[in-house]
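J.: Below are the structure tokens for one structure; questions will follow.
The values are calculated or read from the model by the stated rules, or taken from the named source; none is laboratory data. This one's a predicted model, so the numbers in the text were calculated from it and none came from an experiment. Cβ: placed from backbone, ideal geometry, glycine included. Neighbour counts: every protein chain shown.
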């Protein structure tokens, strides 16, 4: 240590010289690095690495769960669609349900012979009860699909492709059966 200099430039009061920590006390600025402080740095790197890996694994898991899996050949869960239709039309009893191959449209046959459609809009379904005579159906070259035009709800118009020809035929018959109004059915029954 340098001897204390008298008051003036570069002078250090004697009180500071006696109060300064020594190397044996392990003051961090003296360059005395113990093994404990080095292992703390290694431990913190390990802990942060583990936290980063856990966050990355959770992000991978969450994105895999949220992704739509198209390899299931049209096996979609339509429970939410049924709940939405029941909320929109609480007095209508559903008898049968058919969905398109991509799951974006669901057709329902109601207990009293009416037909409804539900179109998927990502997180909700738009439900529409088809009135008699307010739909036009055109067949397509592919027997599994048809084009429908809804006069009361043009947002539901489109080409609908089903998994099988039988499903497409059945839904088109629902729509064509719905095309005939109940008054026309009564006239046909009276004439027979």
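J.: Given the options 105, 126, name the one that is in the same structural domain as residue 144 (by TED's automatic domain parsing) and under 20 Å from residue 167 (Cα atoms).
T.: Just one listed residue meets the conditions, 105.
J.: While we're here: Just to be sure before I move on: is residue 139 exposed (fewer than 15 other Cβ atoms within 10 Å of the Cβ), touching a residue at least 40 places away in the same chain (Cβ under 8 Å) and under 17 Å from residue 170 (Cα atoms) in the structure I sent?
T.: Spelling it out, it is not the case that residue 139 is exposed (fewer than 15 other Cβ atoms within 10 Å of the Cβ), touching a residue at least 40 places away in the same chain (Cβ under 8 Å) and under 17 Å from residue 170 (Cα atoms).
J.: Can you tell me which residue is farthest from residue 121 (Cα to Cα) among those in the stretch 149-167 that are over 28 Å from the mean Cα position of the chain (by Cα) and in contact (Cβ under 8 Å) with a residue 12 or more places away in the chain?
T.: Taking the candidates together, the pick is 165.
J.: Can I ask one more? Residues in the stretch 135-143: is at least one modelled with pLDDT under 90, closer than 21 Å to residue 95 by Cβ and in contact with a helix residue (DSSP H, G or I) (Cβ under 8 Å, 6 or more places away or on another chain)?
T.: Within the stretch 135-143 (the criterion being modelled with pLDDT under 90, closer than 21 Å to residue 95 by Cβ and in contact with a helix residue (DSSP H, G or I) (Cβ under 8 Å, 6 or more places away or on another chain)), the answer is yes, since at least one residue qualifies.
J.: Determine whether the stretch 155-172 contains at least one residue that is surrounded by 17 or more Cβ atoms within 10 Å (Cβ to Cβ), touching a helix residue (DSSP H, G or I) at 6+ places or on another chain (Cβ under 7 Å) and either outside the structural domain of residue 108 (by TED's automatic domain parsing) or at pLDDT 90 or above (or both).
T.: For the stretch 155-172, residues surrounded by 17 or more Cβ atoms within 10 Å (Cβ to Cβ), touching a helix residue (DSSP H, G or I) at 6+ places or on another chain (Cβ under 7 Å) and either outside the structural domain of residue 108 (by TED's automatic domain parsing) or at pLDDT 90 or above (or both): present.
J.: What number goes with the only condition from (1) surrounded by 13 or more Cβ atoms within 10 Å (Cβ to Cβ); (2) at pLDDT 90 or above that residue 90 does not pass?
T.: For residue 90, the exception is condition (1).
J.: Can I ask one more? For the stretch 91-130, which positions are without any contact (Cβ under 8 Å) to a residue 24 or more places away in the chain, assigned to a loop (DSSP other than H, G, I, E, B) and over 26 Å from the mean Cα position of the chain (by Cα)?
T.: 91, 93, 111, 112
J.: Please indicate, with yes or no, whether at least one residue in the stretch 70-85 is in the same structural domain as residue 174 (by TED's automatic domain parsing), in a strand (DSSP E or B) and without any contact (Cβ under 8 Å) to a residue 60 or more places away in the chain.
T.: Looking for residues that are in the same structural domain as residue 174 (by TED's automatic domain parsing), in a strand (DSSP E or B) and without any contact (Cβ under 8 Å) to a residue 60 or more places away in the chain, one finds none in the stretch 70-85, hence no.
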